[in-house]
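Chemist: The structure that follows is given in the form of structure tokens.
The values are calculated or read from the model by the stated rules, or taken from the named source; none is laboratory data. This one's a predicted model, so the numbers in the text were calculated from it and none came from an experiment. In this analysis, Cβ positions are derived from the backbone assuming ideal geometry, glycine residues included, and neighbour counts consider all displayed protein chains. When the accessible area is computed, the model is the full protein with side chains, heavy atoms only, and any ligands, DNA or RNA have been set aside. Shrake-Rupley method; radii C 1.70, N 1.55, O 1.52, S 1.80 Å.
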Amino acid sequence: MSFAHLTDAQRDALREISNIGMGHAAGALSRLLGETILLKVPRVSVADLAQVPELLGGPEQEVVGVSLRMHGDAQGSMLLIFPCASALQLLESLLGPRSVEEDLDEMAASTLKEVGNILASAYLSTLGGMLRLSLLPSVPALARDMAGAVVDHILIDLGRAGDEALMLETEFHSRAGEGRLLKGHFFLLPDPDSIQTLLRGLGGAV
């Protein structure tokens with residue numbers, strides 16, 4: 001059993017769960033940023049991780065990636081990837097103007113990790129609540145590199161390749177700053193033994 005065999009009802013349920021979870025995350029981000037942030041998930045799909053760099057604009061596209069582990073009744077990995085421009089806009093909202101060429105200092109890295117932690121915690125809390133599972137995120141790690149290198153690092157860290165991941169396209173809409181739109185991709189990569197646990201729980205949610 002894998003995410004590739006999702007039924008239409010399961011896919012719709014995952015989209016609904018994802019939008020609810022991101023709605024909760026939007027409230028936390030709004031408090032953090034001091035402005036109203038709207039989050040939505042326009043598309044939920046299944047992606048081969050090896051193809052992810054192409055989805056992000058090519059393997060040489062510079063991105064910022066926040067990775068976490070999922071613990072509890074199901075185990076796996078999560079990866080939040082922002083195009084560099086979106087990550088820098090988030091940092092400007094929190095820390096003030098920054099240069100595109102500027103390296104991520106300790107404060108900037110800590111801030112982006114906190115954004116990743118907020119999104120992962122809200123998503124897992126909602127997913128776990130609706131599937132009646134206990135799901136918790138680990139401490140996040142961060143990397144700024146080309147998309148190909150970030151994904152390769154995750155695959156090497158996991159010790160496996162060719163995995164399918166659940167991909168949530170996320171859009172961040174700000175009501176301030178001329179209604180700017182920030183985009184990111186959120187990937188859920190359950191360990192093989194945990195995919196069936198999640199889909200079994202999902203069967204009770206549809």
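Chemist: Once Lys and Arg get +1 and Asp and Glu get -1 on their Cβ, which of SER67, GLY57, SER18 lies farthest toward the positive end of the dipole of region 12-69?
Modeler: The residue sitting farthest along the positive end of the dipole is SER18.
Chemist: Could I ask something else about it? I'd like the distance separating the alpha-carbon centroids of region 28-103 and region 9-26, in whole Å.
Modeler: 17
Chemist: While we're looking at this one, here's another question. If ligands, DNA and RNA are left out, what is the accessible area of ARG69 with a 1.4 Å probe, given in Å² to the nearest 10?
Modeler: Accessible area, nearest 10 Å²: 80 Å².
Chemist: By the scheme Lys and Arg +1, Asp and Glu -1, what is the net charge of all other residues having a beta-carbon under 10 Å from that of GLY65?
Modeler: Spelling it out: positives minus negatives among the neighbours equals 0.
Chemist: Also, quick follow-up: Probe radius 1.4 Å, ligands and nucleic acids left out: which of VAL150, VAL46 has the largest accessible area, and how do the rest follow?
Modeler: Of VAL150, VAL46, the descending order of accessible area is VAL46, VAL150.
Chemist: While we're looking at this one, here's another question. Per residue of region 39-53, what does 6.51 cos²θ - 1.76 cosθ + 1.60 with θ = phi - 60° give for ³J(HN,Hα)? Whole Hz please, x for Gly and Pro, Karplus curve as stated.
Modeler: 10, 9, 10, x, 8, 10, 9, 10, 10, 6, 4, 5, 9, 4, x
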